[in-house]
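Okay, so here's the structure we're looking at.
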4 protein chains.
Amino acid sequence: MHQGGEEPMEKKKHKGLFQARRERRIERRRQEIMEAAAEVFAERGYANTTTKEIALTADVSEGTLYNYFSSKRDILLAIVDEQQNTIEKMLASVGQLENQEDIVSLVYHSLNSFLTRLPFTRAVLTEAWVDDDILQEFVMARLQRIARLVQTFIAKCVNAGFFRPFDAALITPMVIGMFLMPITPALRGIAPPPTPEELHALVESAVSLLLDGLRVQASEELRVRSEE
Amino acid sequence: MHQGGEEPMEKKKHKGLFQARRERRIERRRQEIMEAAAEVFAERGYANTTTKEIALTADVSEGTLYNYFSSKRDILLAIVDEQQNTIEKMLASVGQLENQEDIVSLVYHSLNSFLTRLPFTRAVLTEAWVDDDILQEFVMARLQRIARLVQTFIAKCVNAGFFRPFDAALITPMVIGMFLMPITPALRGIAPPPTPEELHALVESAVSLLLDGLRVQASEELRVRSEE
Amino acid sequence: MHQGGEEPMEKKKHKGLFQARRERRIERRRQEIMEAAAEVFAERGYANTTTKEIALTADVSEGTLYNYFSSKRDILLAIVDEQQNTIEKMLASVGQLENQEDIVSLVYHSLNSFLTRLPFTRAVLTEAWVDDDILQEFVMARLQRIARLVQTFIAKCVNAGFFRPFDAALITPMVIGMFLMPITPALRGIAPPPTPEELHALVESAVSLLLDGLRVQASEELRVRSEE
Amino acid sequence: MHQGGEEPMEKKKHKGLFQARRERRIERRRQEIMEAAAEVFAERGYANTTTKEIALTADVSEGTLYNYFSSKRDILLAIVDEQQNTIEKMLASVGQLENQEDIVSLVYHSLNSFLTRLPFTRAVLTEAWVDDDILQEFVMARLQRIARLVQTFIAKCVNAGFFRPFDAALITPMVIGMFLMPITPALRGIAPPPTPEELHALVESAVSLLLDGLRVQASEELRVRSEE
DNA sequence: TATGAATGAGGGTTCATTCAT
DNA sequence: TATGAATGAACCCTCATTCAT
């Protein structure tokens, strides 16, 4: 998206094959660089990463970076872009939430998206914590779409009498936090990402917890004493 | 600081006042600088913050910073330390969790601690996302104490038969995420912190949600249709 | 430098030339910088010299210095090292002193070594006056080797009855001082270095003075009166 | 000499005692500071010494330094000045050199002057190696007076036929070097200064060496072989 | 007069970016 | 196109000097 697709349009026919191969080569190289950069950004943060490190990790020279990206920041933006697209694609296949499986599926796929290209996610999150543009244009944009899905679903269920009369807007962040926190250590890089099975178990538990709560039944005042 | 404490014992009274005033002045200045620094760190991140900005914000010269801190990083560490103490103090007054009020109280005070000196918290969190030392020595240390309190409480309730048979270790992060996410926008600086009333409402809702879940009752398969 | 030597063995020829040229270019540049630095260090002393001055004198940018040396001090150490080697090489060709010509030769070549790359020597000496590490590891190391040669020679001659019964250890510094002082103004930079002829004449005179003293002959009490 | 003696001349009578005591106090303090400064300058060199270190060593505050000296450099100049005076005084009592005792005496007292306030000498020498003003105005000025004494003496002896026909100007630096080198380690601070007795022995040996040379007698070609 | 905190110019060093090869 | 040396702005930090107390 940034600095791409600017080859001349004429000559397209004749060069077809040649051009296509060239473009693929370029795209492949861009990906290599982005992967390398994401890795280092994830590990040390954007500001603490030097172009030299990126180049070293990508196994190219510093100068070469600038043949594929116009600046260090451009690399970050490309990473963000890519992550955007990944999640966007995932979201595109999700319609309205209609039942429990839909939730499980949405959550599972969302978490999965975050985890599959972990360095990308880490790089983005880390920087989003500091960079308002990235936060808004990427993280919030995606997150709010998810939030809206959830919130709408909850509101509907409340209206339908299936859910207790919670304020959907108030509840939604809690719900999201519930799903997100368990993978935070992985996002931060201090724990291995869960296996698909673990992830499934996790989502199932979370959904169960969410729907029916901790308590055995809605009983009167809870009381535990250590001596009991 | 370098040659303090070695004053002769006679004269104590006279020097006492003098010295004490001086120390208070120094401490006050340190605080001013830390506050200024926290603000800028919070806004732009540690690495993107220049000592010049800190000095400007603190309304002193750059050189003055170094009369109170030995390095830019030292300022950050002092901020982290201070936050540590704030939370530590809060935690010290919390015993075992024994009932619903205890949870509400713990959560409320925890969130409050995070929110009261918001720039400090933001500065610490932002850096913890990138700096392993700060993450471990500060954030994780505190967070794990909280987590252990929660986990123990859940396990106890499960054993007592009050809670459904969840795996406490699995559930705890979800519980924490549930409480934390609603204030995340404030922590990130893109929303005003909640008023105490809002915070209370929030915690109450969260606890209710947590205990009894979204659902009116543990019913059969949930199903909502958009057309309904 | 950081990723050198790991080239595949095929291609050796082609890369060889390339690589060699590159290495020569690097070495040449290092030398240029060292020469420039030595000049300024000699003139103003290490501590009073700014990297900006060095860069200016070397006709490169400040940043470039750090492509060839890791710090200002590293430049100084490289200079010291180079001087070490120069003198070391000179000393390597000197065996035991056995006769007058040997002394003349040793002295001549020693002084010559000091004078040939005068800025280097000045830079080293100047700093040695203040920096214990450089004094010990460089100046004293070399000087003591020379001193040992001289002392051994004197002791031998004394034992052989050729020299009067001086304490060799006591005398040696005097002998060295005798040879060194005449070129001190040049070392300090307030006199042009002697031409080779002057240097020869100087050494010859010194050796003669050293061997037979000032006096016409060992006579009775010397007495000069101004009115005579 | 620098920044001194600028008190108003009127009122002299009435204030006599008071004023005198005050001046003595001031002078004493100046001396204390100079001594402290000389010590640190000697140890680390002028440029590497901070005013804070001087203040610390002198046991006063940094600000106080500036009540007695107008700048850091002024302290150095005062030290130089004082050393000048010390040597000047010594030289004032020396007339023309007329015999061996005169030489011994001159040398002994010269070396003694250098050694008695060693930090002062070290400070001056160290800086003279880098600072042309100090070199010329202090070190060379004194040294050349000594050199002239020696040179004149030698020339006279040569003319009188007592000394072999050396070129006095050529020989003089050697003579001085001979006397100076043995105390150089002390001047540099890597050896304790010689005791008066050692100093005497040293001078005696040097003079003997100087007058009659190393050799037993002016013999034919010297030859030593290790195997002999 | 003595103090030591405040100052800010200037130091060494880093690093994103450019460009000749 | 790939390279990596060159660049210089900007960083963090030091320290001689000033000045309010």
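The values are calculated or read from the model by the stated rules, or taken from the named source; none is laboratory data. Just so it is clear, the model here is predicted, and its values are computed rather than measured. Note: ideal-geometry Cβ built from the backbone for every residue, glycine included; neighbour counts use all protein chains shown. For accessibility, only protein heavy atoms count, side chains too; no ligands or nucleic acids. Shrake-Rupley method; radii C 1.70, N 1.55, O 1.52, S 1.80 Å.
Things worth noting here:
- Output for the stretch D:97-109, where each listed residue is within 12 Å of the chain's Cα centre (by Cα) and open to solvent by less than 10 Å² (accessible area, probe 1.4 Å): none
- Considering the stretch B:48-129, the qualifying helices (runs of 4 or more DSSP H), each wholly inside and each with 1 or more residues that are touching a residue at least 60 places away in the same chain (Cβ under 8 Å) and within 16 Å of DNA strand F (Cβ to nearest atom), run over B:118-128.
- Listed here are the helices (runs of 4 or more DSSP H) enclosed by the stretch C:130-217 that have at least 3 residues being loosely packed, with under 15 Cβ neighbours inside 10 Å and on the phi < 0 side of the Ramachandran plot: C:141-160, C:196-212.
- Some residue of the stretch B:71-78 being polar (S, T, N, Q) and under 26 Å from residue B:203 (Cα atoms): no
- Test: residue D:146 is more than 11 Å from chain C (Cβ to nearest Cβ) and of a type outside the set (Lys, Arg): yes
- Checked against (1) modelled with pLDDT of 90 or more; (2) over 17 Å from the mean Cα position of the chain (by Cα), residue A:79 meets all criteria but (2).
- Put simply, of A:20, A:55 the only residue that is over 25 Å from residue A:133 (Cα atoms) and within 9 Å of DNA strand E (Cβ to nearest atom) is A:55.
- Looking across the stretch D:162-184, the residues that are more than 22 Å from residue D:108 (Cβ to Cβ) and at the interface with chain C (Cβ under 7 Å from one of its Cβ atoms) come down to D:164, D:166, D:170.
- Residues that are of a type in the set (A, V, I, L, M, F, W, C) and without any contact (Cβ under 8 Å) to a residue 12 or more places away in the chain within the stretch C:131-177 comprise C:135, C:140, C:157, C:158, C:160, C:162, C:163, C:170, C:174, listed in sequence order.
- Pairs with Cβ under 6 Å, 6+ apart, first in the stretch D:199-228 and within 8 Å of another protein chain (Cβ to nearest Cβ), second assigned to a loop (DSSP other than H, G, I, E, B) and at pLDDT below 60: D:212/C:218
Rundown of residues vs (1) within 20 Å of the chain's Cα centre (by Cα); (2) surrounded by 13 or more Cβ atoms within 10 Å (Cβ to Cβ); (3) at pLDDT 90 or above, yes/no style:
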{"site": "D:3", "(1), (2), (3)": "no, yes, no"}
{"site": "D:6", "(1), (2), (3)": "no, no, no"}
{"site": "D:24", "(1), (2), (3)": "no, no, no"}
{"site": "D:34", "(1), (2), (3)": "yes, yes, yes"}
{"site": "D:38", "(1), (2), (3)": "yes, yes, yes"}
{"site": "D:51", "(1), (2), (3)": "no, yes, yes"}
{"site": "D:62", "(1), (2), (3)": "no, yes, yes"}
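- In the stretch D:68-96, the residue that is farthest from the other protein chains (Cβ to nearest Cβ) out of those that are surrounded by fewer than 21 Cβ atoms within 10 Å (Cβ to Cβ) and within 16 Å of DNA strand E (Cβ to nearest atom) is D:70.
- As a summary of the residue check, residue A:124 satisfies the conditions (1) within 24 Å of residue A:177 (Cβ to Cβ); (2) open to solvent by 50 Å² or more (accessible area, probe 1.4 Å); (3) within 14 Å of another protein chain (Cβ to nearest Cβ) except for the one numbered (2).
- Looking only at residues in the stretch C:26-47 that are touching a residue at least 12 places away in the same chain (Cβ under 8 Å) and among the basic types (Lys, Arg), the one that is farthest from the other protein chains (Cβ to nearest Cβ) is C:30.
- In the set D:122, D:188, D:142, D:215, only one residue is within 23 Å of residue D:34 (Cα to Cα) and modelled with pLDDT under 90; that residue is D:142.
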